[in-house]
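Can you read through this structure? Questions will come right after.
None of the figures in this text is laboratory data; all of them are computed from the coordinates on show. Keep in mind that this is a model prediction, so the values were computed, not measured. Every residue, glycine among them, receives a Cβ derived from its backbone with ideal geometry; neighbour counts consider all protein chains shown.
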Amino acid sequence: MTALQDDHTTTRVLFTVAEADPLIKVGGLGDVGGSLPRALQSLNPDQIKGTHLDVRLVIPLHSGIDRSAFQLKPLGTFPVPHLPEPIQADVFETHINGLAVYLIAGEPIPQEGPVYSLDTRADGVKFAFFSLAALELARYLDWQPHILHANDWHTALAVYALYLLRPEDTFFESVSSVLTLHNLPFMGAGTEFALSEFGLPPASDPRLPEWARRLPLPLGLLAADRIVAVSPGYAREVLTPQFGCGLEDFLKTRRSSLSGILNGIDQTVWDPATDPLIPMRFHTDQLEQRLENKKALLAEVGLAGDPDMPLLALISRMDPQKGIDIALEGLRQSASLPWQAVLMGTGIPDLEDETRRLEAEYPDRIRAVIRFDSSLSHRVYAGSDSLLMPSRYEPCGLAQMIAMRFGSVPLARATGGLSDTILDKSGFAGNTGFLFNEARPDAFSTTLYRAITIWDDKAAWQRYQVNGMAQDFSWEHSAIAYAQIYANLRSKNR
C-alpha cells in the first residue's frame, strides 16, 4: 500500500456532477456542484475531528464552458471502457478558489449544444462515458479516492460501475460511495441501451422493479453505500407512494443507508447588506429601508404601487411540479384581497401563456415577467413582501432560503425542503413563513388570507421577517454533515 493510501489524516473525495457554477449552470444542481465541493474543501480540520478533506471536482467539458476564462490546462488522455473498443477521454484541469477541478472531454461529449439535450440516446452515451471517465481519471492521476460522491442520474453510473469494480480491482477496493438524490423522477429514462455499450450489465437484485434494472439512477441507488436526499423531508417522502415514483418499496429496503441533508445557499452572494444588484442595501435593524426596494421594483415592472398593499412574488420555473397553476388559480380566488404580484420565470408554454392571461385580467395588480433574469431576481427578493412557492413537490428548494435572507416572507406548500426550512406553528414566536398542506388553489388562497391578516399587524409581520433573516442556510452546515458521512464510511472500511 502506498503512502498516499496510508494517510489517515486526509480524506480524498472524488466529487462528480453534471454542472457546476461558475463553470456552467443550468439549474439548482449547478449551485450544488459549484458550492458544496468548495464548502467541503474549506472546512477546518477542527470542525471534522482533525481530518482534512482533499476534494476534487469532476464535470464534463460542456461546449458552453468558456475555456479561456478558466485557463484550462490539458493534462493528458486515457481510455474509457467501451464496446467494441475503448473511447479516449481528454482531461483538463483548473482551480476555482483553491478547489481542483477536472473537466472531461471526448467524442460522446458534444462540442456544441446544451448541457442536457432532448436526445435521450445522446445523453445516455454522454453521461455513461463521463461517469466511467471520472473513475478512470482517478486511476490515471494515481490519486486513489476514499469517497466517490455522485449526484443524480447523470453520474449515478459511476457508483454502479464502482460497485462492480470493487471485488476485482485493487485500486477501487477500498473506495466508498455516496449518491445525492436531487430529484427522483428524473432517472435517466431512455438511456438504458448505453449500459451495454459501456459493459455495464443490468441489475439482477430482485428488490429493484424489473423496469428499473437498466436505468442509471435506480442502479446508483442500489449500489451506493450511502444515499443522501437533499432534505430530511424529501428523504421521508421518497419512501411513500406519492413521491417514490415506483421505487418506494425498494428504497424502504435501503432505509438504513438513506438520510437527508439540506442544501445551502451562498450567503455572500445572497446578502442584502452587500448586494450590488439592489437599490437599497439593508440589515435586520434597517427593515424600513426595504420600502425603497419595493418602490423601485414596482417602478421597474410598471406597477402603480401602494406601500400598504403586500407585494407578492413568484420566481420559478414554469412547470407543474412548481405548482404554478395552483398559484395562478389561487390568486384568482383571492381577487377580493388586497395584493399585487410579480410573477417571473420561463418554462412550459401553456403555463407562460396562462400567467400572461392572468396579467391581462388584472393589469393594475399583476406583472408577468416571462424571462430568466438573474439580476432582476435579486431585486424581486429584496422588494417583495412575500414569495410564493406552491410546489407539488420540492426536494429542497433554494428560493425560500434566499427570500427569507432578504426579508421576503415565504408562502409555500408543506413538502420536502420547504417544510424543513419554513417555520409555521400556531402561536409560535419564531415563525418564518406560511405553509399549506394540500396542493389545491383553495388551500393556497386560504393561506394567503391568513398571511394578509398577519400583514395588517406590522409588528407581527416584522417578526416574521427578522426571524427569517436570522436563519443560517450556509453551505458550511451541509458540508459538515457530509463530512461526517465520509468519516463514518472510512471508519467502516478500516
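For the chain, calculate the relative contact order in percent as a whole number, restricting contacts to Cα pairs under 8 Å that are 6 or more residues apart.
13 percent
While we're looking at this one, here's another question. Between Asp54 and Arg440, how high is the FRET efficiency from 1/(1 + (r/R0)^6) when r is the Cβ-Cβ distance and R₀ = 45 Å? Nearest 0.05.
It comes to 0.35.
Could you order peptides 10-18, 343-351 by the average number of other Cβ atoms within 10 Å of their residues, highest first?
Order by mean packing, descending: 10-18, 343-351.
Which of the aspartates and glutamates could a cross-linker bridge to Lys252, judged by Cα under 16 Å and excluding same-chain residues fewer than eight apart?
Filter leaves Asp205, Asp225, Glu237.
Okay, next question. Rounded to the nearest Å, what's the spacing between the alpha carbon centres of the stretch 400-434 and the stretch 302-337? Just the number, please.
Comparing the Cα centres of the stretch 400-434 and the stretch 302-337, I get a distance of 17 Å.
Mind giving me the FRET efficiency for Ala296 and Ser196? R0 is 51 Å, r the Cβ-Cβ distance, nearest 0.05 is fine.
E(calc), rounded to 0.05, equals 0.35.
Among Asn431, Ala304, Ala341, whose Cα sits farthest toward the positive end of the charge dipole of the stretch 284-469 (+1 at Cβ of Lys/Arg, -1 at Cβ of Asp/Glu, about the Cα centre)?
Checked the options; the winner is Asn431.
So I have (i) 85, 47, 46; (ii) 76, 68, 45; (iii) 69, 46, 45, and one of them is Cα extents along the principal axes in Å calculated from this model. Which one is it?
(iii)
Can you work out the PRE-style zone for Gln88? Point 7 Å along Cα to Cβ, and I want the residues of the stretch 94-135 with backbone N under 16 Å.
Residues passing the 16 Å test: 104-109.
Sticking with the crude label model, points 7 Å out along Cα→Cβ, report the distance from Arg357 to Asp472 in nm, one decimal please.
Between Arg357 and Asp472, the label points sit 4.8 nm apart.
Dipole magnitude of the chain about its Cα centre, charges +1 at Lys/Arg Cβ and -1 at Asp/Glu Cβ only, in debye to the nearest 20?
820 debye
Need the full-extension length gain, Asp457 to Asp285, defined as separation in residues times 0.36 nm minus the C-alpha distance. One decimal, nm.
60.1 nm
Starting from the Cα of Lys49, draw a straight line to each of the lysines and keep only those under 19 Å, dropping any in the same chain fewer than 8 residues away.
Lys492
Measure out, as a whole number of angstrom, how far apart the alpha-carbon centroids of the stretch 460-490 and the stretch 92-170 sit.
Between the Cα centres of the stretch 460-490 and the stretch 92-170 lies a distance of 29 Å.
Extension gain Phe171-Leu118, at 0.36 nm per residue separation less the Cα-Cα distance, in nm?
Length gained, Phe171 through Leu118: 15.5 nm.
A further question follows. Per-residue ellipticity at 222 nm for the chain, helices alone: DSSP H runs ≥ 4 residues times -39500 (n - 2.57), over residue total, nearest 500 deg cm²/dmol?
Helix-only estimate at 222 nm: -11000 deg cm²/dmol.
Quick check on the stretch 284-469: take the gyration tensor over C-alpha atoms, sort the square-rooted eigenvalues as a ≥ b ≥ c, and tell me if it's rounded (a/c under 1.5), prolate or oblate.
Here the stretch 284-469 falls in the rounded category.
Can you sort Thr253, Thr120, Thr432, Thr9 by how many other beta carbons sit within 10 Å, fewest first?
Listing Thr253, Thr120, Thr432, Thr9 from fewest to most nearby Cβ atoms yields Thr9, Thr253, Thr120, Thr432.
Counting only the backbone N, which residues of the stretch 302-326 are under 18 Å from the spot 7 Å out from the Cα of Asp373 toward its beta-carbon?
302-305, 311-318
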